[in-house]
Amino acid sequence: MTIDIFKSLSPYLFKFSNVLDRTLFNMPTLTAKIIFYLMMLIGLLKVFVYSKGEKQKRTRLVFLLVWGLMSFSTYWISGGLDQNFTASILGLIALFLLAVKTLWEDKKTKVLSFVLIILFIISAVFSINNLLRNKGSFFVTVQNDLNLADQRSIFDFINTDSDGNPYKLIAFTIPSLHPEGWLYLHDYYYPDKKDEMAKLVYVIIEKNVYPVWEKKWIEDLGKTTLIEEREIGLLRVQKRLNE
């Protein structure tokens, strides 16, 4: 078995760049990124260059570098898997904090630490916006339509719309036939509300469910009449009556 080093390195660098964006500096402007990482690099170099005789500082820097770059050891296996980079995140954050601390301690570079912190705060605003939109987060999978706000909105709608009547809850999910997450959330927010024998049926349909399977699963419910369908975020919820 042979390994193409350069072919493996390409997806690794792409994923590591994404991790840096999500963890430290999440702004689309290339100039801002260069300024941010250049100042961070200056802070880390100051630890190494100006800490002669202070082995503890250098040891700390080396430890954090190994931690922050530890995902590099897996790039030839699969540099394209997001989970290979998760353990590095705290190391990267610690490197950023070390750079800020080092710049702050020197009067000549204190202003750089201010700029670094301000850029980080601006980046955090972008990150929070992405989080609210369920975009650009390491935990987002093919189920990019799922976020807690929309899920709760669906449950609130069902609870209000059912007007106290018993109902059955069905969820068409990715992966197929695994509605456990939906059922858990429903029971968490509205325990003892659903009834498996009820004629009123609410069907939650995730974005990436194939239409052919959606049609088959609805047919498997038996003879039902569609009363209403509405979209909440990227999700759909159908109200059906079992005849």
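What follows is calculated from the coordinates using simple rules that are stated; it is not laboratory data. Note that the structure is a prediction, hence the values are computed from the model and not measured. Virtual Cβ from ideal backbone geometry, glycine too; neighbours counted across all protein chains shown.
Brief remarks follow.
- Virtual spin-label span in nm between TYR37 and GLN143, 7 Å along Cα→Cβ: 3.3
- For segment 5-132, alpha-carbon Rg relative to the globular expectation (2.2 N^0.38 Å, N residues): 1.11
- Between ILE121 and ASP82, the distance separating the two model label sites (each 7 Å from Cα on the Cα→Cβ line) works out to 2.9 nm.
- Here segment 226-243 is scanned for amide nitrogen atoms under 19 Å from the site 7 Å beyond the Cα of ASN208 along Cα-to-Cβ, giving 232-237.
- Relative to the Cα centre, the charge distribution of the chain, modelled as +1 at Lys and Arg Cβ and -1 at Asp and Glu Cβ, gives a dipole magnitude of about 1620 debye.
- Segment 148-242: antiparallel DSSP beta bridges as a percent of all, rounded to 5: 70
- The HN-Hα couplings worked out from phi for segment 200-216 by the Karplus form 6.51 cos²θ - 1.76 cosθ + 1.60 (θ = phi - 60°) are 7, 10, 10, 10, 9, 10, 6, 4, 8, 6, 5, x, 5, 6, 4, 4, 5 Hz, whole numbers, x standing for Gly and Pro.
- Gyration tensor verdict on the chain (Cα atoms; rounded if a/c is under 1.5, prolate if a/b is larger than b/c, oblate otherwise): prolate
- Global geometry of segment 193-243, whether rounded, prolate or oblate, following the gyration tensor of its Cα atoms and the 1.5 cut on a/c: oblate
- Each Cα pair of segment 148-242 feeds into the Kirkwood radius, which the Stokes-Einstein equation turns, at 25 °C and 0.890 mPa s, into a diffusion coefficient of 183 µm²/s.
- Entries of LYS207/LYS239; LYS193/LYS215; LYS15/LYS57 with Cα pairs more than 23 Å apart: LYS193/LYS215; LYS15/LYS57
- Positive-end residue of GLY43, VAL203, LEU65, charge dipole of the chain with Cβ unit charges: GLY43
- In a simple Cβ point-charge model (Lys, Arg +1; Asp, Glu -1; nothing else charged), segment 5-132 has a dipole of about 440 debye relative to its Cα centre.
- Interchain or long-range residues, amide H under 5 Å from ARG236's placed H: ILE205
- Label-to-label distance, ALA94 versus LYS193, with points set 7 angstrom from Cα along the beta-carbon direction: 4.4 nm.
- For the chain, calculated [θ]222 nm from helices alone, where every DSSP H run of n ≥ 4 adds -39500 (n - 2.57): -17500 deg cm²/dmol
- Karplus-based coupling profile of segment 150-155, in residue order and whole Hz: 5, 4, 5, 4, 5, 5, with θ = phi - 60° in 6.51 cos²θ - 1.76 cosθ + 1.60 and x standing for Gly or Pro.
- When only Cα pairs below 8 angstrom with a gap of at least 6 residues are kept, segment 151-243 shows a relative contact order of 30 percent.
- Segment 56-76 and segment 168-243 have Cα centres spaced 47 Å apart.
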